[in-house]
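Below: one structure, written as structure tokens.
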Ligand code: F6P
């Protein structure tokens with residue numbers, strides 16, 4: 001059971017309507033409001049994060065009251081620093097919980113009387129001499145566009161990162177931050193953002209507030225970075241990093257950063273996608289291959305097990321095609337349909353990505369993974385052949401029987417489920433505290449143990465680096481996966497349960513009921529928050 005204090009109230013004074021005309025559906029409706037306000041019986045209320053023992057709550061507008069505490073109380077300001085203005089940026093691929101993270105940061109900053117400016121489009125803003133930015137809390141009140149229940153990021157994101165070897169640009173950035181009066185920087189991002197942030201932390205205090213749907217920012221255990229080894233390669237000249245042997249006994253409670261905001265919502269989307277594909281595969285006696293995101297890490301694919309696929313394939317376990325074909329036939333013979341979840345980063349027995357059909361990279365240098373499900377489909381068509389389907393009139397051909405679907409960017413968009421919005425807010429607030437406490441290269445993390453439940457904490461950014469300074473994406477620990485049955489293992493189940501036991505709030509469901517089939521959706525055009533944010537953008541003169 002997640003240890004959060006449930007949504008209890010709609011605090012937003014101006015909750016009826018935003019200046020931009022967008023409705024705050026869950027604040028408008030009286031029925032919804034009274035439902036929120038009603039207190040649950042004590043024994044049904046999720047526990048507060050365990051660190052709450054000496055803390056006070058701070059209220060987050062629009063339906064959230066966050067039980068939040070650290071070594072400080074909610075309204076005190078840490079005295080290690082007297083920062084007056086901090087900056088925040090959102091970098092890398094977006095997640096549904098970015099606004100929630102910023103909201104948590106801004107609420108905490110308001111309490112501490114710290115100004116927050118948001119940089120437009122991640123690090124890209126800092127490369128621009130005019131540094132486009134937005135004041136997120138003028139007069140220490142949160143701007144109405146910053147709604148923790150809305151996906152995306154109101155300040156935009158990009159995959160531009162600071163090159164640690166480009167001294168000239170770094171100095172320009174530092175100078176711009178100085179001219180803006182920014183004394184500390186919060187970067188909301190994943191492993192790429194943390195890498196990019198490292199060099200800036202030599203000049204200005206920085207803290208990472210984590211996010212990624214891939215759930216790959218973290219460590220399986222404290223000394224995992226020491227296990228990386230590297231070998232030189234010629235093309236392109238550089239190094240290849242490989243995992244050396246591990247001598248550490250794995251314990252779930254040793255995970256550093258148990259889960260990142262965005263993951264739960266992405267799993268919610270992909271698992272419901274699997275459920276929907278299932279019934280059509282059943283009706284038409286088909287084999288469905290559903291590709292989910294996650295890059296080189298299989299967390300999203302494993303989480304998608306909640307949709308009850310028959311087979312899950314993850315990048316950490318190289319594809320054994322014979323085993324896969326056996327499992328497919330076994331399942332098809334029994335139920336006349338098969339649903340396979342395939343992570344986009346799945347590799348063959350030589351370690352080559354199945355989806356590396358288009359050899360391209362994004363601006364951050366990440367390989368664009370595209371086509372794992374299609375590659376798998378071709379393999380299965382070849383191995384099963386038409387006769388497997390036609391001989392018993394099961395289907396007209398292998399091609400017709402086996403189909404693929406990508407869940408795609410729906411995993412990254414839309415409203416965050418309650419688990420994400422709640423803990424993202426906590427992490428945002430904690431990132432501010434870490435800065436004010438005097439951290440200069442901090443990472444706010446979300447920890448879990450069975451006694452305390454989920455709680456926020458902090459760690460030094462350097463702890464994520466290997467001996468050469470490289471930050472690696474976290475991979476699924478082998479104990480999470482059963483490579484014989486091609487499914488989640490018992491430990492994998494134990495890992496997921498605390499996250500998802502209570503991940504969806506009733507207000508998430510109610511939101512669908514209230515907002516999707518509104519008449520105004522048909523009669524009014526979509527109003528993008530970018531239009532309103534544009535009006536607020538300021539520049540460095
Ligand atoms: O890192 C998040 C992620 O969604 C990955 O899972 C995926 O491979 C990638 O970003 C897609 O990036 P883009 O949106 O740039 O295509």
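The values are calculated or read from the model by the stated rules, or taken from the named source; none is laboratory data. Just so it is clear, the model here is predicted, and its values are computed rather than measured. Cβ: placed from backbone, ideal geometry, glycine included. Neighbour counts: every protein chain shown.
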Considering the range 272-299, residues that are within 16 Å of the ligand (Cβ to nearest atom) and under 11 Å from residue 407 (Cα atoms), and then whichever is surrounded by the most Cβ atoms within 10 Å (Cβ to Cβ), we arrive at 292
Filtered residues of the range 124-176 (kept if more than 16 Å from the ligand (Cβ to nearest atom), closer than 18 Å to residue 92 by Cβ and free of Cβ contacts under 8 Å to residues at least 40 places away in the same chain): 125, 162, 163, 164
For the range 483-508, name all the residues that are loosely packed, with under 11 Cβ neighbours inside 10 Å and part of a helix (DSSP H, G or I). 490, 497
Matching residues in the range 250-301 (over 26 Å from residue 465 (Cβ atoms) and over 13 Å from the mean Cα position of the chain (by Cα)) number 24
Filter result (over 15 Å from residue 177 (Cβ atoms), outside any helix (DSSP H, G or I) and within 16 Å of the ligand (Cβ to nearest atom)) within the range 88-123: 90, 91, 92, 93, 94, 95, 96, 97, 121
Just name the residue that is modelled with the highest pLDDT out of those in the range 365-380 that are away from the ligand (no atom under 11 Å from the Cβ) and outside any helix (DSSP H, G or I). 371
Select from the range 148-182 the residues that are closer than 22 Å to residue 436 by Cα, crowded, with 18+ Cβ neighbours inside 10 Å and touching a strand residue (DSSP E or B) at 6+ places or on another chain (Cβ under 6 Å) and list them in ascending order. 182
Can you name the number of the only condition in (1) at pLDDT below 95; (2) within 16 Å of the ligand (Cβ to nearest atom) that residue 216 fails? (1)
For the range 316-325, indicate whether the set of residues that are within 16 Å of the ligand (Cβ to nearest atom) and closer than 19 Å to residue 218 by Cα is non-empty. yes
If I filter the range 436-455 for residues that are modelled with pLDDT of 95 or more, within 16 Å of the ligand (Cβ to nearest atom) and in the same structural domain as residue 98 (by TED's automatic domain parsing), do I get at least one hit? no
Can you tell me which of 469, 408, 429, 461 is touching a helix residue (DSSP H, G or I) at 6+ places or on another chain (Cβ under 9 Å) and closer than 23 Å to residue 151 by Cβ? 429
Quick check on residue 185: is it touching a strand residue (DSSP E or B) at 6+ places or on another chain (Cβ under 6 Å) and either more than 16 Å from the ligand (Cβ to nearest atom) or outside any helix (DSSP H, G or I) (or both)? yes
Leading residue by the ranking (surrounded by the most Cβ atoms within 10 Å (Cβ to Cβ)) among those in the range 124-147 that are in a loop (DSSP other than H, G, I, E, B) and touching a strand residue (DSSP E or B) at 6+ places or on another chain (Cβ under 6 Å): 136
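Yes/no matrix, rows are residues, columns are (1) away from the ligand (no atom under 16 Å from the Cβ); (2) assigned by TED's automatic domain parsing to the domain that holds residue 406; (3) in contact (Cβ under 8 Å) with a residue 24 or more places away in the chain; (4) part of a loop (DSSP other than H, G, I, E, B):
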| position | (1), (2), (3), (4) |
| --- | --- |
| 203 | yes, no, yes, yes |
| 208 | no, no, yes, no |
| 225 | yes, no, yes, no |
| 236 | yes, no, no, yes |
| 240 | yes, no, no, no |
| 249 | yes, no, no, yes |
| 261 | no, no, yes, yes |
| 270 | no, no, yes, no |
